[in-house]
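Let me begin by presenting the structure, written as structure tokens, before commenting on it.
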Amino acid sequence: MRILVPVKRVVDYAVRVRVLPDKSGVDLSNTKMSLNPFCEIAVEEAVRLKEKKAAEEVICVSIGPKQCTETLRTALAMGCDRGVHILTDKRGDYTELQPLGIATLLKKVLEKESSEQGVDLVLTGKQSIDSDCGQTGTMLAGMLGWPQVTYAANIDVEEEGRLLVERETDSGTETLKINKLPAVISCDLRLNEPRYATLPNIMKAKKKKVDVITVEDLLEGQDVDAVLTPRNRVLEVVEPPPRKEGIKVDDVDALLDKLRNEAAVIS
Amino acid sequence: SSEHEPYLHQQHSPVTKFSEDEEMARDAVRSWANEELRPVVRQMDEEAKHRPEILNGLFECGFMGMEIPEQYGGSGLNFTSACLAVEELARVDPSVAILVDIHNTLTNNAIRFWGSPTLQQKWLPRLSTDTISSFALSEAGSGSDAFALQTRAEISSDGSYYTINGSKLWISNSNEAGVFLLFANVNPENGYKGITAFMVDANTEGVMIGPPENKLGLRASSTCPITFENVKVDASDILGEVGMGYKYCINILNEGRIGIAAQQLGIAKGCLDASMPYLLERKQFGTPIGEFQGMEHQYAQIATEIHAVEVMTYNACRMKEAGNIPFVKEASMCKLYASQVAERAASKTIEWLGGIGFTKDLLVEKFYRDVKVGSIYEGTSNIQLQTIAKIMREEYR
């Protein structure tokens with residue numbers, strides 16, 4: 001089995017983001033960026049499948065500016081075999097690139113790979129922590145006509161080509177069987193705890209192969225704007241309203257009154 | 001000397017701008033320290049002991065073989081990366097930082113510089129993967145006057161081994177160490193020119209580690225007396241040449257003090273990390289206390305001094321990495337100043353936090369206790385001043 005893992009370069013989860021004065025988006029200048037935590041979970045799962053000998057190659061792919069080499073390097077240090085870097089300066093946080101465009105680019109990467117040996121499984125994070133769309137993996141599966149399971153909390157390899165996947169839902173977990181590969185699986189929080197990339201592996205990752213290709217070259221003559229122009233226009237980005245101070249109530253009756261009549265959370 | 005091209009930017013970029021490798025190393029240490037180490041710092045201080053999973057984590061992540069070449073299981077990075085790792089660890093727990101600092105900047109580097117290929121092959125793989133080391137120099141009668149050491153190494157009649165007798169005191173990491181880089185004199189009649197460096201396996205018969213000192217700070221770091229009673233060490237475990245130990249010692253400590261500066265810098269930054277958010281949140285008289293001018297002046301002053309220490313420390317790193325630039329004065333200066341600034345920062349931080357800073361509810365009281373040894377170990381402040389003065393006199397002669 002050969003696995004492809006898209007890895008997104010996003011604002012680090014610990015950063016307190018600021019909105020640009022023109023409200024066009026979040027200020028990314030001098031902001032710490034990291035590998036999207038859910039993509040990290042996907043990488044970890046792919047590497048574990050390789051360690052269990054269920055997979056023979058793991059390819060990571062990232063879309064973005066030249067700094068994506070760091071994102072790919074982290075994924076390679078965790079155990080991916082090689083990387084693909086789709087070079088573009090467009091922002092990936094929904095203001096410029098959106099899931100439909102991103103899925104189209106990933107589909108192109110898969111087509112290129114299938115001309116060699118083909119990919120059997122795409123493992124994505126369930127969502128990125130900047131756009132929070134949770135759509136790219138599902139759109140990609142739709143475009144390819146591949147089976148998909150989202151919000152995976154556990155993946156078991158049954159026999160060649162069959163995967164048993166536990167899926168998180170709001171009312172509990174359900175188990176689905178993928179009978180035939182290739183397929184797309186998106187990974188949720190409970191799936192695994194990603195390993196730390198060790199320093200020796202971070203250094204060795206420099207020697208692993210990364211193919212760099214521009215968006216224009218990848219789309220081979222197609223109209224880049226037609227493919228990548230967002231379908232939705234971001235009108236403005238604003239900070240959430242500041243949290244209001246809480247109040248104290250004198251007794252339980254007053255509490256119930258507030259919950260029922262003001263907050264309307266109980267009947 | 002380092003295998004790496006020294007990172008000398010052609011366009012004179014700031015010394016506080018690091019290469020991609022160095023940034024990735026720093027980030028890796030910072031993540032691990034915040035996620036794995038921070039939750040257990042208080043416990044380790046209270047129990048006055050390192051936790052095994054922390055020690056294992058240091059090895060697994062590659063923090064114990066920062067500059068050791070890949071072929072020996074190391075991380076293959078440079079001195080600046082090692083200092084960045086020490087700084088990031090100190091920002092969370094100075095006790096763990098000192099263990100990593102001594103191991104990397106003293107033992108590992110001494111072996112890389114002066115060890116025979118056989119010695120390197122024997123020890124470097126162990127030092128990068130599972131064996132903690134200690135630097136066994138100081139004795140009851142010899143601290144600053146290091147070369148007055150009395151531990152004796154007598155050569156056997158056939159010259160194949162040495163028998164070591166003596167005691168060391170104040171040895172960091174000694175409870176956890178699997179090996180000691182020990183300084184003993186093979187020829188006391190020659191004075192310091194008999195001092196020889198030996199790699200002594202901690203399991204050797206006759207090596208006795210005493211109970212750890214009950215210290216004010218750096219409590220998780222074991223500081224023990226060690227007695228050597230007829231300890232037999234193979235001649236092949238001598239580091240470099242007989243009688244050259246004093247020279248190796250001076251040289252390695254010269255650079256080691258840059259590592260200490262990095263540790264002190266980490267402590268100072270850790271103090272700001274702990275206090276600045278509080279200053280923005282805590283209100284008195286309707287105003288966040290961080291906005292009172294009296295407070296502004298204090299934290300701006302401390303931040304300025306921390307910045308100076310940072311620049312001095314990483315500049316000293318680059319001077320050392322260049323390989324042909326003398327840096328002894330600058331290394332002494334950065335250790336001296338870093339320990340002074342860190343002490344001021346720790347003390348001020350407790351004041352800024354008010355009553356709660358004075359309790360064990362926060363970790364700032366721990367920084368205050370941990371920082372004090374900075375002006376004492378690896379060359380007291382007086383020794384640093386003396387070193388600087390001596391070089392200055394030569395410059396003006």
For strands (runs of 3 or more DSSP E) lying entirely in the stretch B:178-238, having 1 or more residues that are crowded, with 23+ Cβ neighbours inside 10 Å picks out B:179-185, B:195-201, B:223-234
Reported set for the stretch B:151-169 where residues are in contact with a strand residue (DSSP E or B) (Cβ under 6 Å, 6 or more places away or on another chain) and either more than 23 Å from B:K232 (Cβ to Cβ) or outside any strand (DSSP E or B) (or both) is B:T151
Kindly indicate whether A:I86 is within 27 Å of A:D27 (Cα to Cα) and either surrounded by fewer than 24 Cβ atoms within 10 Å (Cβ to Cβ) or basic (K, R) (or both). yes
For B:S95, the lone unmet condition from (1) hydroxyl-bearing (S, T, Y); (2) open to solvent by 10 Å² or more (accessible area, probe 1.4 Å); (3) touching a residue at least 60 places away in the same chain (Cβ under 8 Å) is (2)
Condition set over 30 Å from B:E67 (Cβ atoms) and not hydrophobic (A, V, I, L, M, F, W, C), scope the stretch A:201-224, selection most open to solvent (accessible area, probe 1.4 Å): answer is A:E220
Of the listed residues (B:E378, B:E365, B:E330), the one being farther than 27 Å from B:F147 by Cβ and either of a type outside the set (F, W, Y) or at pLDDT 95 or above (or both) is B:E365
For helices (runs of 4 or more DSSP H) lying entirely in the stretch B:314-397, having 3 or more residues that are surrounded by 22 or more Cβ atoms within 10 Å (Cβ to Cβ) and either at negative phi or touching a residue at least 40 places away in the same chain (Cβ under 8 Å) (or both) picks out B:328-353, B:364-371
Apart from one, (1) farther than 14 Å from A:Y196 by Cα; (2) modelled with pLDDT of 95 or more all hold for B:H9; the odd one out is (2)
Result of the Cβ filter at 9 Å on the stretch A:190-202, keeping first residues that are within 21 Å of B:D21 (Cα to Cα) and at the interface with chain B (Cβ under 7 Å from one of its Cβ atoms) and partners that are basic (K, R) and open to solvent by less than 60 Å² (accessible area, probe 1.4 Å), at least 6 apart or interchain, is A:A197/A:R73; A:I202/A:R73
Can we say A:Y94 is touching a Lys or Arg at 6+ places or on another chain (Cβ under 9 Å) and of a type in the set (F, W, Y)?
-> no
For helices (runs of 4 or more DSSP H) lying entirely in the stretch B:22-126, having 1 or more residues that are within 14 Å of chain A (Cβ to nearest Cβ) and touching a helix residue (DSSP H, G or I) at 6+ places or on another chain (Cβ under 7 Å) picks out B:52-60, B:79-90, B:94-101
Just a yes or no: is a residue in the stretch A:212-223 more than 14 Å from chain B (Cβ to nearest Cβ) and in contact with a His (Cβ under 7 Å, 6 or more places away or on another chain)?
yes
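The values are calculated or read from the model by the stated rules, or taken from the named source; none is laboratory data. Keep in mind the model is a prediction, meaning the values are calculated, not measured. Quick reminder, even Gly has a Cβ in these numbers, built from the backbone with ideal geometry, and neighbours come from all protein chains shown. Quick note on the areas: whole protein, heavy atoms, side chains included, nothing else; ligands and nucleic acids left out. Shrake-Rupley method; radii C 1.70, N 1.55, O 1.52, S 1.80 Å.
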